[in-house]
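What follows is a single structure, written as structure tokens, with notes after it.
What follows is calculated from the coordinates using simple rules that are stated; it is not laboratory data. What you see is a predicted model, and the numbers here were worked out from it, not measured in a lab. All Cβ positions, glycine included, derive from the backbone under ideal geometry; neighbour counts span all protein chains shown.
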Amino acid sequence: MKSLRLFFLTGFVVVACSLQAAVVDTLAVYSNAMKKNVQVVVVSPQNTQSSKKPVIYLLNGYSGDAKSWISMKPELKEIADREDLMFVCPDGNNSWYWDSPKDPSFRYETFVSNELIQYIDAKYPTVKDRKARAITGLSMGGHGAMWLAFRHKDVFGAAGSTSGGLDIRPFPNNWEMSKLLGAENENQEIWDKHTAINQIDRVKNGELALIIDCGYSDFFFEVNNDFHEKLLKYKIDHDFLVRPGGHDGNYWRNSIDYQILFFKNFFNKK
């Protein structure tokens, strides 16, 4: 009888644990600026009623979509439950997260920094304050996170980049950027104004909590190091992590854990 009770008790614990699972919503969020729906994946803790949650916005890279992060890092569900926070992953649509000066159908800066924030804060139990809002991304999304955070520091309190293309100018013929900015050799001023590294003078030390990382073998390593050096020049505190690795999912699956820890510490301090 004792062993039977233990069996049922064990079974109850297993069932109870299985019920504790983060909720993954796939949404179509309408952008009035672009007159279209944008797919967004939201990972929220199973217990959404206990308190208001801080949010980490995760931006995908070039050729990715809203499902890139949850596909590459399915543990985000367990992390959301364990850390009691939310992840929001919008489809960046190869936009580099700009409001394109050449194509008015690409207004992803407005969408992410304004329309999406308002939608998420209205639909979910979030802490509606920059002190509980962080943004990061990989590759193109790393550029996007820095671009948006530096230009909208009233919206985001912390920002990160993993393997980010933080200076686009060494790559004028890559990743369809010329479709959004025009050819680099004919639109040098536009390219200068639309690269993340040239947004650094918008912030003062302490206005944003910043973390960037890049692998030694990544083709973006030099521009990440340049970004780090410019932050030092402007005396802006930041974490800069470099370690072995290339521009691939194995690196990002590992690097995002460090960034989530950084953001969690930021949320706790605030």
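Brief remarks follow.
- When residues in the range 80-113 are screened for being within 15 Å of the chain's Cα centre (by Cα) and either farther than 24 Å from residue 175 by Cα or not in a loop (DSSP other than H, G, I, E, B) (or both), 12 of them pass.
- Residue count, the range 181-219 (criterion: assigned to a loop (DSSP other than H, G, I, E, B), touching a helix residue (DSSP H, G or I) at 6+ places or on another chain (Cβ under 8 Å), hydrophobic (A, V, I, L, M, F, W, C) and within 22 Å of residue 104 (Cβ to Cβ)): 0
- Checking each residue in the range 196-214 for being basic (Lys, Arg) and either touching a residue at least 40 places away in the same chain (Cβ under 8 Å) or in contact with a Gly (Cβ under 7 Å, 6 or more places away or on another chain) (or both) picks out only 202.
- Qualifying residue in the range 140-147 (condition: free of Cβ contacts under 8 Å to residues at least 60 places away in the same chain, among the aromatic types (Phe, Trp, Tyr) and either within 16 Å of residue 109 (Cα to Cα) or buried (at least 17 other Cβ atoms within 10 Å of the Cβ) (or both)): yes
- Unmet criterion (only one of (1) buried (at least 17 other Cβ atoms within 10 Å of the Cβ); (2) part of a helix (DSSP H, G or I)) for residue 250: (1)
- Of all residues in the range 42-79, those satisfying the criterion of being β-branched (Val, Ile, Thr) and either farther than 23 Å from residue 155 by Cα or under 16 Å from the mean Cα position of the chain (by Cα) (or both) are 42, 43, 55, 56, 70, 79.
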